[in-house]
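I have placed the structure first, in the form of structure tokens, so that the comments after it can refer back to it.
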Amino acid sequence: FDFCQASEGKRPSENLGQVLFGERIEPSPYKFTFNKEETCKLVCTKTYHTEKAEDKQKIVDNMPVTWCYDVEDGQRFCNPGFPIGCYITDKGHAKDACVINSEFHERDTFYIFNHVDIKIHYHVVETGSMGARLVAAKLEPKSFKHTHIDKPDCSGPPMDISNKASGEIRIAYTYSVSFQEDKNIRWASRWDYILESMPHTHIQWFSIMNSLVIVLFLSGMVAMIMLRTLHKDIARYNQMDSTEDAQEEFGWKLVHGDIFRPPRKGMLLSVFLGSGTQILIMTFVTLCKCSVKITKGALMTCAVVLWVLLGTPAGYVAARFYKSFGGEKWKTNVLLTSFLCPGIVFADFFIMNLILWGEGSSAAIPFGTLVAILALWFCISVPLTFIGAYFGFKKNAIEHPVRTNQIPRQIPEQSFYTKPLPGIIMGGILPFGCIFIQLFFILNSIWSHQMYYMFGFLFLVFIILVITCSEATILLCYFHLCAEDYHWQWRSFLTSGFTAVYFLIYAIHYFFSKLQITGTASTILYFGYTMIMVLIFFLFTGTIGFFACFWFVTKIYSVVKVD
């Protein structure tokens, strides 16, 4: 976009998260000195010739952006950013920001917001060294066809450019600055003017309460079924040992000789568990830190740095489980843990970046940053994974409460609902039901440039998700064991991991129903980044399910007496 550029000044540097999110900070052409008011000060004048194709392109580009405006019930809705212009269609429909002013009524015309009123709120600090702190900055975009471009007075009709305009067009960009002392806003709560006016806050509260009620109800049911039924089972099994009918075993006790039989593709499962553990700890720590207000850039930086530093638990968990599955190829295991999942994410990310480079977007990540990310991965994360794996392989294999038989037991014919696929599909519904409203706000924050600030709520939802994934997996695992099917390892991982498939379906629905994205590149970008999120979410939820089931199986087989 052909805006006024700052004449001099160093470009501010962004943190890693801002670079990854495509946020770029540019020096502003609006200059102000504290408490010095400016009225209708000229920034620059841009001249266009409609005969030149490249000039016409600069004018006509239209972009919907968010701004601060009045909504019903006397409320103001604020969002970072302000509109740069708007368009009235040839049928007279006002698009985007054109709805805010009745003077915008010419058909097939663009209106340029070439003036901004900036109001800076501050409060004077009484304690310590005297000074003032800026606590809010509000901005109102306006449109003026300045009568004297060299000496603008900010009056007259709006700056309109008809789609059929010809000849030379001159646009003068101006701004006014005013300062207002505000004793009510404390420094600590300076962000609240953006947050208070956020839409959907009441929906958030309602949805959280709704999720909590569902989860508490489910937890109660699951806990009751598990405790009562299991308690009866265990009591019955242990009583039978003292009577004569010991040989007539039934239910889940029958498969005690096969329950810890190593799963097929144990290598892949252990690698997924390692990466999942890394993501699980990273998410937990990031959300703990984020319960205080934090920006999206800082959030991303925090997550990336944590992920790099958490190579050790990933290597340790992968090695420990691989060893307990009876695996021997420890070098392959460590290399896959270090490179498989991170490699897929990086490859996807790199392809998305190539598309952004090709489109000439400012959101493209500079080559230097890509090299820095690779350096973090190869020089810090990979060595840490090797260290974790070394300790994991050195420890003795996990001791199971029951021995595994030499000959695998025949699994009886399963009814429809105890077959693997229906169970896996059912298992993902519950956890997804608890998170999908939060998912809407998170997707809005990523794709619709809205502020996401309810990290306290998000942390609560994270805990709810962990509980629900665990309970749903344990419940389904119990039903399968009762049906004498002892292949629980992959099934427990996929049962809660299937939540990610529902996430993908929701993201596709969101794309078609909420976003007006046109163009192949943008569509590929949306689905490319969505696939990264889905993979991370799959590993995260799958790992929760596996650990819950592993704990459950170890627990129940350690309390029954086995001959």
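The values are calculated or read from the model by the stated rules, or taken from the named source; none is laboratory data. Since we're looking at a predicted model, the values are computed, not measured. Cβ sites come from the backbone with ideal geometry, for glycine too, and all protein chains shown count toward neighbours. Note: areas computed on protein heavy atoms with side chains; ligands, DNA, RNA excluded. Shrake-Rupley method; radii C 1.70, N 1.55, O 1.52, S 1.80 Å.
On the given criteria, is P401 surrounded by fewer than 14 Cβ atoms within 10 Å (Cβ to Cβ), in contact (Cβ under 8 Å) with a residue 60 or more places away in the chain and part of a loop (DSSP other than H, G, I, E, B)? In short, no. The test for being in the same structural domain as V382 (by the TED database), touching a residue at least 12 places away in the same chain (Cβ under 8 Å) and surrounded by fewer than 20 Cβ atoms within 10 Å (Cβ to Cβ) does not hold for F367.
Against the criterion of being open to solvent by 50 Å² or more (accessible area, probe 1.4 Å), under 23 Å from C4 (Cβ atoms) and assigned by the TED database to the domain that holds N184, D96 qualifies. Testing Y237 on (1) part of a helix (DSSP H, G or I); (2) at pLDDT below 80; (3) exposed (fewer than 15 other Cβ atoms within 10 Å of the Cβ), one condition comes back false. Which one is that? With respect to (1) part of a helix (DSSP H, G or I); (2) at pLDDT below 80; (3) exposed (fewer than 15 other Cβ atoms within 10 Å of the Cβ), Y237 is out only on (3).
Counting only helices (runs of 4 or more DSSP H) that sit wholly inside region 296-361, those with at least 1 residues that are assigned by the TED database to the domain that holds I373, open to solvent by less than 40 Å² (accessible area, probe 1.4 Å) and under 20 Å from F547 (Cα atoms) are 311-324, 330-359.
Do we have any residue at all in region 38-49 that's assigned to a loop (DSSP other than H, G, I, E, B) and out of contact with any Leu (no Cβ under 8 Å at 6 or more places or on another chain)? No: zero hits. Taking the criterion of being within 17 Å of L309 (Cα to Cα) and in contact with a Phe, Trp or Tyr (Cβ under 8 Å, 6 or more places away or on another chain), the residues of region 321-342 that qualify are V334, S338, C341, P342.
If the condition is being open to solvent by 40 Å² or more (accessible area, probe 1.4 Å) and either over 23 Å from L421 (Cα atoms) or modelled with pLDDT under 95 (or both), then region 488-522 contributes H509, F512, S513, K514, Q516, I517, T518, G519, T520, S522. Being more than 24 Å from H49 (Cα to Cα) and out of contact with any His (no Cβ under 7 Å at 6 or more places or on another chain) is a condition met by at least one residue of region 140-150. Can you pull out the residues in region 36-51 that are surrounded by fewer than 17 Cβ atoms within 10 Å (Cβ to Cβ), more than 20 Å from K138 (Cβ to Cβ) and at pLDDT 75 or above? Across region 36-51, the qualifying residues are L42, C44, T45, T47, H49.
Answer yes or no as to whether K145 is in contact with a Pro (Cβ under 9 Å, 6 or more places away or on another chain), modelled with pLDDT of 80 or more and not hydroxyl-bearing (S, T, Y). Yes, satisfied.
Could you tell me which residue of region 1-35 is least open to solvent (accessible area, probe 1.4 Å), considering only residues that are among the aliphatic types (A, V, I, L, M) and in a loop (DSSP other than H, G, I, E, B)? My answer is A6.
Between C477, C469, C434, which is surrounded by 17 or more Cβ atoms within 10 Å (Cβ to Cβ) and in contact with a Lys or Arg (Cβ under 8 Å, 6 or more places away or on another chain)? The conditions single out C477. Go through region 140-168 and give me each residue that's open to solvent by 20 Å² or more (accessible area, probe 1.4 Å) and among the β-branched types (V, I, T). Within region 140-168, T147, I149 qualify.
Show me the strands (runs of 3 or more DSSP E) entirely contained within region 98-166 in which 2 or more residues are farther than 19 Å from D182 by Cβ and polar (S, T, N, Q). Working first, answer last.
Working: elements: 109-112, 115-125, 131-142, 160-162.
Where strands (runs of 3 or more DSSP E) fall fully within region 98-166, none carries at least 2 residues being farther than 19 Å from D182 by Cβ and polar (S, T, N, Q).
Residues that are assigned to a loop (DSSP other than H, G, I, E, B) and either of a type outside the set (G, A, S) or within 17 Å of C4 (Cβ to Cβ) (or both) within region 167-181 are absent altogether.
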